[in-house]
Structure formats: structure tokens, C-alpha cells
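Note sheet for the following structure.
Please treat every number below as a calculation from the coordinates, not as lab data. Keep in mind that this is a model prediction, so the values were computed, not measured.
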Amino acid sequence: MQIITTKQELLRQVEACKRKNLTIGLVPTMGALHAGHASLVRRSVSENEVCFVSVFVNPTQFNNKEDLVKYPRTLEADADLLASMGVHYVFAPTPEEMYTVEEMRTSFTFDFDGLDRVMEGKMRPGHFNGVVQVVSRLFYLIRPDRAYFGEKDYQQLAIIHYMVERSELCGTFGDLKIQDCPIVRDTNGLALSSRNQRLNEQEKERALGISRTLFASLEWAKTMSVAEVQQRVIDTINSIAGLEVEYYEIVDQSTLLPVSDFSHAIGCVTVYCGPVRLIDNIKY
């Protein structure tokens, strides 16, 4: 496995793969890898002839600069894990390598057709502009045949699908396919996240109340309305000491707009567990 830190070297390796007509899989990450990331990597390795993984804590998608500073960075351990899984290339640039000074100072803009105005977009203005900025750059540089994303960040996944579908009109990313990968949970049900590393043992125990409540809501949805389930989820999580719901929205899986029934619905939640912001979702 080769660790690449410059765009120039990355382009050189990608071009070598393209000349051999090798299929390329890409798993974009911000590092601090866990079993959820590993599930994406396994798919990429098995479904492509070459696998690239990016490890880059993208500063342009953080609204909270303190959160950016505290985000775990574990490149050495990440590289060991990726090498053991058969990854061919890790792209781990610095922000200065990834962006020009002007790009760091200027907000990237993209028309999301309203997908960015709800849930995470409402709470973190500009966040998805930063996500699309870095993901589109990775797509341009690596030109993958397939790219793998987890469903835990469901709104982000919907927005990436939208970006690629719009770009297909002009062939920007070729025949790129976005591969949706299910949420990976620990044995107790907690959705795996790099942010979990910031939780102490007591907070991890409390955080289990998030997934337990979401799974319980599947039963509530059989006899209750959307509004009733939404409020019960919020009240139940908030009743757990140390947890505070930022939002819980039940929306259409495609449009992310509010729904009146559960036929094609997904519930998306963001909860503060102490100072750590956790997200999860459940499909009805």
C-alpha cells in the first residue's frame, strides 16, 4: 500500500491505473477509522481492481472550529488497518495541498435544490457546501468507477447523489456509481462514528438510548401518526440524563421533505451527548 500526500503523485498513480483499464473504487473518509469505515473498504476492495481511500479532515465543512480542532486524527493506525484490508492507495493531503489560500477563504457554493435547507443544513449552514467541495475534488482527481458512502450520514448521501446526478448531464464524473452502504452498529446498537472516541464510558452507555429509541419507534409507527412518533422520540431521548435532541425529523427518503405517512419515510436525529454531537437514522 502506498500513502500519497500530494495531488501530483495522486494524479500520476490514477493515470497509471487508467492506462491499464483497471476499475477504481474510492472510499472518502476523515480518518479515525472504525468498523463502519471498514465495511465500506471491504466492499470497495472486493468490487474493484484498485481501491483508493482518502483520509482528510476537511476544514471547509466544519462550522464549529473547536470541533475541527478536536476531531480525532489517527493516520498511523488508519494506515495499518487499510493496509491489512488490501487497500492499494491512501490519499492523505494537508489542507494546504488540497486547497489554495483563496479557496480556504472563499465559501464554495452549490445549488442543492433545497436538500441543504433542512435538518443538518439548517443547523450547520454551509456544511454541505464544504462536503461537496471536497467530495467533488476527490472525484475529479481520482475519477473512480464507484464511490462508497455510509447511510449514517443520510442527508450527506442524498446530497452526493444529487450532485452526481446533476453532473451526469454534462458527463463531469463519467459513469461514476455511488454505492450506499448500511449503518454499522456495535453489539449494543450504537451507530459507529469517529466521534464516539470522544465519549467516556458513561456517555457511551447513555448514547445507547438513541438507537434504542429509534428502534422502538418502528413499533410506535404501527399505531401512531408521524407527528406523534416524532414527538415521542424527542421526549424519550430527552428524558435520558445527559442527552439533548437537536432535531428529529421524519422525512421522505428521496426528497427529505416532511411526510404525512410512513410509506417511504426515514427518521433522522441529531443528539448532543454531553458536548459530543451524534447522528443516527431509522427507515420506516
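Inverting the pair-averaged 1/r between distinct Cα atoms of the chain gives 19.8 Å as its Kirkwood hydrodynamic radius. Evaluated on region 1-159, the Kirkwood hydrodynamic radius is 16.3 Å, with distances taken between all distinct Cα atoms. Region 2-71 and region 256-284 have Cα centres lying 27 Å from one another.
Placing one equal scatterer on every Cα of region 196-257 and applying the Debye formula, the log10 ratio I(q)/I(0) at q = 0.13, 0.17, 0.23 Å⁻¹ is -0.40, -0.64, -0.98. When both bridge partners sit in the chain, DSSP labels roughly 50% of those beta bridges antiparallel.
Note the angle between two axes, namely the Cα long axis of helix 7-19 and the longest principal axis of the Cα atoms of the chain, as a number of degrees from 0 to 90, rounded to the nearest 10. Between the helix axis and the principal axis of the chain, the angle is about 80 degrees.
Against the chain, whose longest principal axis is taken from its Cα atoms, helix 75-84 shows a tilt of about 80°.
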